[in-house]
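Written out below as structure tokens is the structure these notes cover.
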Amino acid sequence: MKLHPRIQAHAASILERPLPEEAELTAGVRIEPGRSYGFFTDTTVCIGCKACEVACKEWNNLPADEIGLTGDSYDNTGALSANTWRHVSFVERSGEHGVRENSQAPFQSGWLMMSDVCKHCHNPPCLEACPTGALFKSEFDTVVVQQDVCNGCGYCVPACPFGVVDISLLDGKAHKCTLCYDRLKGGLEPACAKSCPTDSIQFGEVGDLVERARRRVDDLHRRGVEGAYLYGAPDTPGATGDLGHLNAFFLLTDRPEVYNLPPAPTRASNRVAPSLRAGLFAMAGFALAALAVLAAGGKSST
Amino acid sequence: MPQMTGTVVIAQEGRLQLMDEDGVGHLFLLSHKAAAEAQQLYALQDRQQRVRIAYSEPRGVIGLLAEKIELFDGEASA
């Protein structure tokens, strides 16, 4: 079959073979099945360039959506969706040290920027809600949707406490970040982390990342950023409600709500037993009331 | 319905890149109406298969929606 010259040019521009264990060169970590991998997102060094959004869309062949201007600062993506697996949020603070000040303290005093992503929870509620087993934990301890198994029921969407999973109305299936499952299998660092120019997004083994993040928090405290804390690391805000920890965790300098993160996320399955109990008590109450009314009616008629 | 002919160069989940006759890449999403499944697209990528795609243009997305994919080498349509 005769190929178009453009296709041949593309083939000639790539390496003869993939670099073995490329992540060792780019992220300093060897990717091996059976270990736990994730992201540490240090929001204090995020510059809002959106390279991560672009890299994610490029690698995963995701279309641009929400075309137009939102009027919400420099954020024209809006939110995570079926077609947007990385979202850089822009939060403009007003008042003292706000964006209108002539001088600002270091480490995002007026602007808060954060690259949001699927948290790849240790106990993922989306996986628990999935009736077909389309959502699964990979050999890298990440949460992935198998497109050929997903039936588009959408149970995973309300189960996610972070609003990450979304159903595409075009193909009728659930989509979310795979933590570049295909790249991990090839020994490559995820596209977003590799493209981040300030290393705001760091990829690695979760244990190593947590240690690194705690050192960074201590360093920021020494430099006077008293409000710096981790969200989603073990025993920190975000790692609540039986979620365990989040494999993709964050360093924040303001309340989680400011970044559109829940202050105390929980597993949806935790609410099943209480809601069932409340429903049963309500039904029992209604039944007793109906019996009482019937008994009273019978007495008055005699 | 408009159609486009080209070579499947990349397939990922239910999405594929089609290189048209002029060497321009186009992003297609597999419609839920198409008689094909996402896992069938990988074979097209591996073979660098030439296909003809009947498509529609969804609103609010920079991409095309593949409604029907036909193999261009005279094989059965998907």
Problem - Among the residues listed as A:GLY133, A:GLY95, A:GLY78, the single one being part of a loop (DSSP other than H, G, I, E, B) and farther than 20 Å from A:VAL258 by Cα - result: A:GLY133
Handout entry: Which listed residue, of B:ALA54, B:ALA11, is part of a strand (DSSP E or B) and more than 9 Å from chain A (Cβ to nearest Cβ)
Key = B:ALA54
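Okay, residues lined up against (1) open to solvent by 20 Å² or more (accessible area, probe 1.4 Å); (2) in contact with a helix residue (DSSP H, G or I) (Cβ under 6 Å, 6 or more places away or on another chain); (3) aromatic (Phe, Trp, Tyr); (4) within 14 Å of chain B (Cβ to nearest Cβ):
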site: A:ASN60; (1), (2), (3), (4): no, no, no, yes
site: A:TYR74; (1), (2), (3), (4): yes, no, yes, no
site: A:GLY78; (1), (2), (3), (4): yes, no, no, yes
site: A:SER89; (1), (2), (3), (4): no, no, no, no
site: A:VAL99; (1), (2), (3), (4): yes, no, no, no
site: A:ASN102; (1), (2), (3), (4): yes, no, no, no
site: A:GLN108; (1), (2), (3), (4): yes, yes, no, no
site: A:TRP111; (1), (2), (3), (4): yes, no, yes, no
Handout entry: Condition check for A:GLY133: without any contact (Cβ under 8 Å) to a residue 24 or more places away in the chain, within 14 Å of chain B (Cβ to nearest Cβ) and at positive phi
Key = no
Completion exercise
Counting only helices (runs of 4 or more DSSP H) wholly inside region A:142-206, the ones holding at least 2 residues that are within 11 Å of chain B (Cβ to nearest Cβ) are A:181-185
Problem - Check on A:GLY48, more than 22 Å from B:GLY60 (Cβ to Cβ), in a loop (DSSP other than H, G, I, E, B), open to solvent by less than 50 Å² (accessible area, probe 1.4 Å) and touching a residue at least 60 places away in the same chain (Cβ under 8 Å) - result: yes
Exercise for the section: Starting from residues that are open to solvent by less than 50 Å² (accessible area, probe 1.4 Å) and out of contact with any Leu (no Cβ under 8 Å at 6 or more places or on another chain), keep the ones in region B:34-60 and report whichever is nearest to B:MET1 (Cα to Cα). Expected result: B:ALA54
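The values are calculated or read from the model by the stated rules, or taken from the named source; none is laboratory data. Keep in mind it's a predicted model, so treat the numbers as computed, not measured. Please note: Cβ atoms are built from the backbone with ideal geometry, for glycine as well, and neighbour counts cover all protein chains shown. To get the accessible areas, we keep the full protein, side chains included, count just its heavy atoms, and leave off ligands, DNA and RNA. Shrake-Rupley method; radii C 1.70, N 1.55, O 1.52, S 1.80 Å.
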